Amino acid sequence: MSAVTSSSSSSGPARVAKPASGGVWAAAWRRLRTDRVGIVSMGIVGAFLVLVLLAAANLVASGWQQEVGVPNAPPKLLGPQPAEDTGAIVAPKGPNVDLSDIDPLAPRYAEWAERAKAFKTDEVARRETLPLGGDRLGRDVLAKVIKGAEVSIVVGLAAAVVATLIGTVLGAVSGFFGGRVGDLLEWVYNVFTAIPSILLIFAFAAIFPRGVGAVVAILALTGWTGIYRLIRAEFIKHRVREYVRSAEAIGASQWSRMFKHILPNVSHVALVQLSLHVVSFIKSEVILSYLGLGVGVDQVSWGTMLAEAQNEMILGYWWQLAAVTACMAVFVTAFALFTDALRDALDPKLRGLE
C-alpha cells in the first residue's frame with residue numbers, strides 16, 4: 001500500500017489534456033456563434049444566395065418576361081381592379097347583310113377566314129391579380145424581383161471579389177517592397193482617389209458597353225483603392241516582425257514571405273473589406289441601372305425596376321416600388337449586420353492578440 005502511495009505521489013498530479021485550438025478561423029467562428037444578430041443576418045443572406053443560385057439555374061423566375069397578368073395587375077391582397085365603364089356604344093344584333101352585290105370581295109371572306117385559322121394562336125388568359133402585382137406589361141413583379149436580385153447580388157459579389165484581389169495584390173507589393181515600386185503604386189492610388197468616385201464611375205460607364213460584365217469591371221476598377229490602403233499599411237507593419245525575419249533567415253523568398261507568411265495574418269482585413277464592398281457595389285449597380293448606364297435593356301435588376309416603378313407611381317401603381325424596395329432593404333441590412341458581426345469576430349484586438 002505504501003509503495004502504491006509513494007509511486008503515485010512521486011509521479012505528481014495527473015495532467016488533463018486540453019483540447020487543441022482550432023486556430024484563428026475556429027476562434028472567429030466561436031465568437032460569431034455567440035452573436036445572435038450576426039447568425040440571423042447570415043441566415044437571411046444565405047437564403048438570398050440560395051435564391052440567386054436557383055434563379056441562375058432557371059429553376060425559379062425563369063419566365064419573368066412573360067406577360068401573365070393584365071397590365072398593372074394588383075397584388076392578391078388587394079383583389080382585382082374594378083371593371084371600367086368605357087362608354088362604348090354596342091351595336092344591336094341583327095341578321096347578317098349580304099354584301100356580295102356591293103362588295104366584290106365578299107365571296108372570298110369565308111375562304112380567307114378558313115385559311116387564317118391555320119395561323120391563329122391561342123391567347124393565354126391573363127390573371128386579374130398576381131402575388132405581388134404586375135407591371136405595366138402584365139409581368140409578375142415577384143419573378144422580376146427574384147431575377148433582379150440575381151443580377152444585382154451577382155454584380156456586387158463579383159465586383160467586390162475583383163476589387164479585393166486588385167487592392168490586396170497591389171497593397172502587398174507596395175507595402176512589402178516600398179522604394180520606387182511603392183512610390184509608383186502610391187502615384188496610381190493618388191490619381192484614382194483625386195477624382196470623386198461617382199464621377200469616375202460615370203466616366204467608365206460612358207466608355208464601357210452596357211452589360212453585367214461591364215458593370216463588374218467599372219465597379220472593380222473604381223473600388224480597389226480603400227482595400228489597397230489598408231493592406232499596404234498591414235504589410236508595412238508585418239514585414240519587420242520577428243516571424244517574417246525568421247522566414248527570411250531560413251531562406252524564404254520574398255514572394256513566399258508575402259503570400260505564405262504575411263498574407264494569412266492580414267487576410268481578415270481583406271475579408272471584412274470584401275463584405276463591406278458588396279453592399280456598396282450593389283448600391284452602385286442600382287444607381288447605374290436606374291440611370292440607364294448599367295445592365296442591358298433585355299435584363300432586369302433592382303435599378304431598372306426602380307426606374308420603371310417611378311412612372312407607375314404617378315398612376316397610383318405602387319406595388320412594384322414597394323416590392324423591390326423591401327427586398328433590397330432586407331438584403332442590404334442583413335448583409336451590413338453580418339459584416340459588422342464578422343468584423344467583430346475577426347478583429348485581432350477583440351481576440352486579445354494585439
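The values are calculated or read from the model by the stated rules, or taken from the named source; none is laboratory data. Because the structure is a prediction, the values reported are computed rather than measured. Note that each Cβ is placed from the backbone with ideal geometry, even for glycine, and that neighbours are counted across all protein chains shown. Remember, those area values only see protein heavy atoms, side chains included, never the ligands or the DNA or RNA. Shrake-Rupley method; radii C 1.70, N 1.55, O 1.52, S 1.80 Å.
Here G296 passes the criteria (1) part of a helix (DSSP H, G or I); (2) touching a residue at least 40 places away in the same chain (Cβ under 8 Å) except the one numbered (1). Restricting to the range 169-183, name every residue that is of a type outside the set (F, W, Y), open to solvent by 30 Å² or more (accessible area, probe 1.4 Å), within 20 Å of W255 (Cβ to Cβ) and more than 28 Å from the chain's Cα centre (by Cα). Residues satisfying the conditions are G179, R180, V181. Does any residue of the range 116-127 turn out to be farther than 30 Å from V279 by Cβ, part of a loop (DSSP other than H, G, I, E, B) and modelled with pLDDT of 80 or more? For the range 116-127, residues farther than 30 Å from V279 by Cβ, part of a loop (DSSP other than H, G, I, E, B) and modelled with pLDDT of 80 or more: present. Being surrounded by fewer than 16 Cβ atoms within 10 Å (Cβ to Cβ) and closer than 30 Å to A345 by Cβ is a property that does not hold for V279. Of all residue pairs spaced 6 or more apart or on separate chains, those with beta-carbon atoms under 8 Å, a first member in the range 215-244 that is among the hydrophobic types (A, V, I, L, M, F, W, C) and modelled with pLDDT under 90 and a second member that is surrounded by fewer than 22 Cβ atoms within 10 Å (Cβ to Cβ) and assigned to a helix (DSSP H, G or I) are V244/H238; V244/R257; V244/H261. For the range 36-44, the condition of being in a loop (DSSP other than H, G, I, E, B), closer than 24 Å to V151 by Cα and β-branched (V, I, T) holds for none of the residues.
Every residue, every condition in (1) open to solvent by less than 10 Å² (accessible area, probe 1.4 Å); (2) part of a helix (DSSP H, G or I), yes or no:
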site	(1), (2)
I146	no, yes
A149	yes, yes
L157	no, yes
G167	yes, yes
L185	no, yes
V191	no, yes
P209	no, no
V215	yes, yes
Y228	yes, yes
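Yes or no, residue by residue, for (1) under 27 Å from A214 (Cβ atoms); (2) out of contact with any Asp or Glu (no Cβ under 7 Å at 6 or more places or on another chain); (3) crowded, with 16+ Cβ neighbours inside 10 Å:
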site	(1), (2), (3)
G251	no, yes, no
W255	no, yes, no
V269	no, no, yes
L291	yes, yes, no
V297	yes, yes, no
Q310	yes, yes, no
M313	no, yes, no
A334	no, yes, yes
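Among the residues making up the range 230-243, those that are part of a helix (DSSP H, G or I) and crowded, with 16+ Cβ neighbours inside 10 Å are L230, I231, R232, E234, F235, H238.
So which of A163, A247, A252 ends up being part of a loop (DSSP other than H, G, I, E, B) and touching a His at 6+ places or on another chain (Cβ under 8 Å)? Reasoning before the result, please.
Values: A163 fails: part of a loop (DSSP other than H, G, I, E, B); A247 fails: part of a loop (DSSP other than H, G, I, E, B).
That would be A252, the only listed residue that is part of a loop (DSSP other than H, G, I, E, B) and touching a His at 6+ places or on another chain (Cβ under 8 Å).
Within the range 56-79, does at least one residue satisfy the condition of being out of contact with any strand residue (DSSP E or B) (no Cβ under 7 Å at 6 or more places or on another chain) and closer than 25 Å to L276 by Cβ? Yes, the range 56-79 contains a residue that is out of contact with any strand residue (DSSP E or B) (no Cβ under 7 Å at 6 or more places or on another chain) and closer than 25 Å to L276 by Cβ. Could you say whether any residue in the range 129-140 is open to solvent by 50 Å² or more (accessible area, probe 1.4 Å), over 28 Å from V215 (Cα atoms) and over 23 Å from the mean Cα position of the chain (by Cα)? Yes, the range 129-140 contains at least one residue that is open to solvent by 50 Å² or more (accessible area, probe 1.4 Å), over 28 Å from V215 (Cα atoms) and over 23 Å from the mean Cα position of the chain (by Cα).
In the range 28-55, of all residues being small (G, A, S) and within 21 Å of L132 (Cβ to Cβ), the one that is least open to solvent (accessible area, probe 1.4 Å) corresponds to A55.
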